[in-house]
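The values are calculated or read from the model by the stated rules, or taken from the named source; none is laboratory data. Model, not experiment: these values are computed from the prediction. Here the Cβ positions follow ideal geometry from the backbone for every residue, glycine too, while neighbour counts run over all protein chains shown. With ligands, DNA and RNA removed, areas are computed over all heavy atoms of the protein, side chains included. Shrake-Rupley method; radii C 1.70, N 1.55, O 1.52, S 1.80 Å.
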Amino acid sequence: MNTAGWLPAALLAGALPALAMASVLREDFGEQALAQEMARRPVVLLGEVHDNAAQHAARAAALRRLLAAGARPAIAFEQFDREKQADIDRARREPPPAGRTLAEQVIEQARPARSGWDWNLYRPFVELALEYDLPIVAANLSRADAMRVASQGFAAVFDEATRVHFALDALPPALLAAHERAVDDGHCNRMPAEALPTMARAQIARDLVLAQAIRPHFERGVVLLTGNGHARNDIGIPFFLSEAERARVVTIGLLERAAPPTEWAQRFDVAFSTPVQAREDPCATIPLRR
């Protein structure tokens, strides 16, 4: 019996939710179309390819349209670790030094010591949150905690009540296998097989922490800026949402045109085909699997 009253059905059934084709698969990517989809529900899991400048520009412009129309959601960032919330709140209260904007001060105080984020791409979202006096939510699991989960298990980060509540020690094998495939795909299918379970566990922990970070803001609304993988309906953040919570959420995938559209689009409520960011081959620096 689902005694909690709201645990995801997949946790109880031991299987992943069935996926239908995206209710909307759009080729008209741009700020107007994106804002229209963001307005569908108060909680938006807004996917991204982290380094895609065209995606970021359209997302920021769409968010401005949403705010101009009267929405006042919290803005949650995968890019800020949850331990940095106090730093964010303090930084936005203090006047910045000469030559620095308040948004720059917030980023400087809250950015992880080690990260690959291009902060020029995320600064417009911080600026919008400050302009409209919206909560800025530090939503992510830190790299250090993710490594602890990978090496020691879920108990390294989550207390017993949380582990029991979300059945972290009895997750569906299909979920674990899907995460392992996603991790391997993200590393050009070159990861050592023995590393996949630990890295998958860390990704699952990130999904749960992101879900916990946005949950307090469901009533007013919240836009989470996150990678497409975390926004996936089958194995991402929605896996840890109740049916009632899920009814308030729209998941939006922003897919570079090189990605298989049918296979990926069905993982979101709405999917957009976007330009491909010019970049060096990401597989060039990953050793071949032995």
>> Where the second residue is surrounded by fewer than 19 Cβ atoms within 10 Å (Cβ to Cβ) and polar (S, T, N, Q) and the first is in contact (Cβ under 8 Å) with a residue 40 or more places away in the chain and over 19 Å from F77 (Cβ atoms) and lies in the range 92-110, which pairs have Cβ atoms under 6 Å and are six or more apart or on separate chains?
In response: none
>> If I filter the range 183-203 for residues that are among the acidic types (D, E) and surrounded by 15 or more Cβ atoms within 10 Å (Cβ to Cβ), do I get at least one hit?
In response: yes
> Looking at the range 101-108, is at least one residue under 22 Å from I237 (Cα atoms), among the aliphatic types (A, V, I, L, M), assigned to a helix (DSSP H, G or I) and open to solvent by less than 70 Å² (accessible area, probe 1.4 Å)?
Replying inline: no
> Name the pairs: first residue in the range 204-227 and more than 23 Å from L254 (Cβ to Cβ), second residue surrounded by 22 or more Cβ atoms within 10 Å (Cβ to Cβ) and of a type in the set (V, I, T), Cβ to Cβ under 7 Å, at least 6 apart or on different chains?
Replying inline: A205/V149
> Is there any pair with a first residue in the range 130-149 that is hydroxyl-bearing (S, T, Y) and a second that is in a helix (DSSP H, G or I) and open to solvent by 10 Å² or more (accessible area, probe 1.4 Å) whose Cβ atoms are under 9 Å apart and which are 6 or more apart or on different chains, and what are they?
Replying inline: S142/R82; S142/E83; S142/K84
> If we keep just the residues of the range 67-80 that are in contact (Cβ under 8 Å) with a residue 60 or more places away in the chain and surrounded by fewer than 22 Cβ atoms within 10 Å (Cβ to Cβ), which is nearest to the chain's Cα centre (by Cα)?
Replying inline: A74
> Looking at A62, A35, which one is open to solvent by 10 Å² or more (accessible area, probe 1.4 Å) and part of a helix (DSSP H, G or I)?
Replying inline: A35
> Is there a residue being open to solvent by 50 Å² or more (accessible area, probe 1.4 Å), among the polar types (S, T, N, Q) and over 20 Å from A60 (Cβ atoms) anywhere in the range 141-156?
Replying inline: yes
>> Just the residues that are under 23 Å from A144 (Cβ atoms) and in contact (Cβ under 8 Å) with a residue 40 or more places away in the chain, please, taken from the range 169-202.
In response: L171, H179, A182, G186, H187, M191, P192, T198, M199, R201, A202
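Output the residue which, of all residues in the range 111-123 that are assigned to a helix (DSSP H, G or I) and in contact (Cβ under 8 Å) with a residue 12 or more places away in the chain, is least open to solvent (accessible area, probe 1.4 Å).
Within the range 111-123, the subset assigned to a helix (DSSP H, G or I) is 119-123.
From what is left, the residues that are in contact (Cβ under 8 Å) with a residue 12 or more places away in the chain are 119, 121-123.
Values: W119: 21, L121: 31, Y122: 1, R123: 68 Å².
Result: Y122.
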>> So for the range 46-57 (the condition being open to solvent by less than 40 Å² (accessible area, probe 1.4 Å), in a strand (DSSP E or B) and either in contact (Cβ under 8 Å) with a residue 24 or more places away in the chain or not hydroxyl-bearing (S, T, Y) (or both)), does at least one residue qualify?
In response: yes
